[in-house]
């Protein structure tokens, strides 16, 4: 098993839930020696889970090798924290509008070797897989119910035709670390696939 397969296996075990047709569900990490076998009815759900795994299409690369759009999402998110000594002192929203400013911050971040080589997983995942997992984590029967509650209590800015990656964090109970407004806008627009990036 290579590094990429190992990372995918770890991520799957830590975050994936197995839902059996009998109604029983459990976290993959809690399944014991046969994590896909239902402890209630005995059905082997491994084939079903392999077909629907949310994270299969993610690639793992060093920050320096991420496409610019993914670097931009991460840098704008990290900018307000003490990750490095940033050479700019501007409002985050102002930086987000100017790719040249973003590139300056990317260079700031990569000036430290450990940051340049830090691994991230990125790719494009199906919207329905994300919404299903988020609804489960948030305790809603459907994501549409959660979406209505979220939009009803938050201002969700329209992003026109832009599609920036959202940042996932599997240790976050809500799954999304940054990009909630964007994500709900993408859902309203009917996007079928969503770019994501996550810390490893």
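The values are calculated or read from the model by the stated rules, or taken from the named source; none is laboratory data. Predicted, not measured: the structure shown is a model, and the values here were computed from it. For neighbour counting, all protein chains shown are included, and Cβ atoms are generated from backbone atoms with ideal geometry for every residue, glycine included.
So the values come out like this:
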read-out: Some residue of the range 124-131 being under 29 Å from residue 84 (Cα atoms), in the same structural domain as residue 61 (by TED's automatic domain parsing), at pLDDT 90 or above and surrounded by fewer than 18 Cβ atoms within 10 Å (Cβ to Cβ); value: yes
read-out: Residues of the range 152-183 that turn out to be surrounded by 15 or more Cβ atoms within 10 Å (Cβ to Cβ) and modelled with pLDDT under 85, as a count; value: 2
read-out: Close pairs (6 angstrom Cβ cut-off, 6 or more residues apart or separate chains): touching a residue at least 12 places away in the same chain (Cβ under 8 Å) in the range 109-123, part of a strand (DSSP E or B) and crowded, with 18+ Cβ neighbours inside 10 Å anywhere; value: 119/60; 120/197; 121/60; 121/198; 122/197
read-out: Residue selected from the range 184-200 under the condition within 10 Å of residue 165 (Cβ to Cβ) and touching a helix residue (DSSP H, G or I) at 6+ places or on another chain (Cβ under 8 Å), by the criterion surrounded by the fewest Cβ atoms within 10 Å (Cβ to Cβ); value: 195
read-out: Criterion: within 20 Å of residue 171 (Cα to Cα), touching a helix residue (DSSP H, G or I) at 6+ places or on another chain (Cβ under 8 Å), modelled with pLDDT of 90 or more and not in a helix (DSSP H, G or I) - qualifying residue of 135, 121; value: 121
read-out: Matching option when the condition is assigned to a loop (DSSP other than H, G, I, E, B) and at pLDDT 80 or above, among 83, 61; value: 83
read-out: The range 141-200, residues that are assigned to a loop (DSSP other than H, G, I, E, B), farther than 20 Å from residue 66 by Cα and touching a strand residue (DSSP E or B) at 6+ places or on another chain (Cβ under 8 Å); value: 175, 192
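For every residue, the table says whether it meets (1) surrounded by 12 or more Cβ atoms within 10 Å (Cβ to Cβ); (2) assigned by TED's automatic domain parsing to the domain that holds residue 31; (3) within 15 Å of the chain's Cα centre (by Cα).
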residue	(1), (2), (3)
71	yes, no, yes
77	yes, no, yes
86	yes, no, no
97	no, no, no
110	yes, no, no
113	no, no, no
139	no, no, no
